[in-house]
Amino acid sequence: MRTLDEILIRGRMDRAFEVARDVERWPEFLPHYRWVRMLDPQDGQSVVEMAAWRPFGMVKYPTWWVSKMEVRPSAWQVRYRHIKGITTGMDVVWQLEERGADVHISIVHTWSGPPWPLISGIAANVVIGPVFIHGIASRTLEGVKRETERA
C-alpha cells in the first residue's frame, strides 16, 4: 500500500517545518487528533504515541498508533516507523520543499498491510490506506496549512 497526500502552503519553510515537527502541539489546532505523547523524547529521534478520530459523517472512529519519529532538519523531513497498533511496520515520510513563496508538503505512507492471511493486501489497499490513512493525513495537512498561514 502506498498513499500520497500533499498540500501547498503560503509561508516560510522554517515555520511550516516547525509546525509539522511539533507533534505534541497538534491537538491544539488539529481537532481530529485526540492526543499526542512523547514516550521517549530524544534529540532528533523519539517514540511518539498518537491517537486521532477518523470522522464518518457524525460518527467518529478512534485510531491509535505508536511510531519512532526521526526529524531530519537538513533534508526538511520528518520520518515515522509505526511500531505498535494495526499499522505496525508502516513507514511515513513528510517532505517539505520550497516552491517560490510557497511550501509544498507531501506525506507518503508505505506499508505491506496487516498480518492477516488472505485479506492483508485488500484491507490495506481498499480500506486502511484510502479510507483511514488518507482521511486522517489530508485533515492533518489542512490543519498544518491553517496553523502555518495563521502566523
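Within the stretch 105-136, the only residue that satisfies the criterion of being among the polar types (S, T, N, Q) and in contact with a Lys or Arg (Cβ under 7 Å, 6 or more places away or on another chain) is Thr110. Put simply, of Gly121, Gly143, Gly129, Gly113 the only residue that is small (Gly, Ala, Ser), at pLDDT 95 or above and outside any strand (DSSP E or B) is Gly143. Screening Glu98 on (1) in contact with a strand residue (DSSP E or B) (Cβ under 7 Å, 6 or more places away or on another chain); (2) surrounded by fewer than 17 Cβ atoms within 10 Å (Cβ to Cβ); (3) modelled with pLDDT of 95 or more shows it passes everything except condition (1). The residue pairs whose first member lies in the stretch 86-104 and is more than 13 Å from Met1 (Cβ to Cβ), whose second member is of a type in the set (Asp, Glu) and at pLDDT 95 or above, and whose beta carbons are closer than 7 Å, counting only pairs six or more residues apart or on different chains, are His104/Glu6; His104/Glu97.
In the stretch 68-108, what count of residues is obtained for those that are in contact with an Asp or Glu (Cβ under 7 Å, 6 or more places away or on another chain) and charged (D, E, K, R)? Matching residues across the stretch 68-108 total 2. Of all residues in the stretch 41-73, exactly one satisfies the criterion of being within 20 Å of Thr148 (Cβ to Cβ) and out of contact with any strand residue (DSSP E or B) (no Cβ under 8 Å at 6 or more places or on another chain), namely Pro73.
Here Pro27 meets the list (1) exposed (fewer than 13 other Cβ atoms within 10 Å of the Cβ); (2) without any contact (Cβ under 8 Å) to a residue 12 or more places away in the chain almost entirely, failing just condition (1).
If you check Arg72 against the conditions, is it surrounded by 14 or more Cβ atoms within 10 Å (Cβ to Cβ), among the basic types (Lys, Arg) and touching a residue at least 40 places away in the same chain (Cβ under 8 Å)? In short, no. Does Arg37 satisfy being closer than 25 Å to Ile9 by Cα, free of Cβ contacts under 8 Å to residues at least 24 places away in the same chain and basic (Lys, Arg)? Here the answer is no, as Arg37 does not meet what is asked.
Between Ala51, Ala20, the distinction of being out of contact with any His (no Cβ under 7 Å at 6 or more places or on another chain) and more than 30 Å from Ala101 (Cα to Cα) belongs to Ala51 only.
The values are calculated or read from the model by the stated rules, or taken from the named source; none is laboratory data. Every value quoted in this text rests on a predicted model; they were computed, and no experiment measured them. Neighbour counts are summed over all protein chains in view; Cβ atoms, including those assigned to glycine, are modelled from backbone coordinates with ideal geometry.
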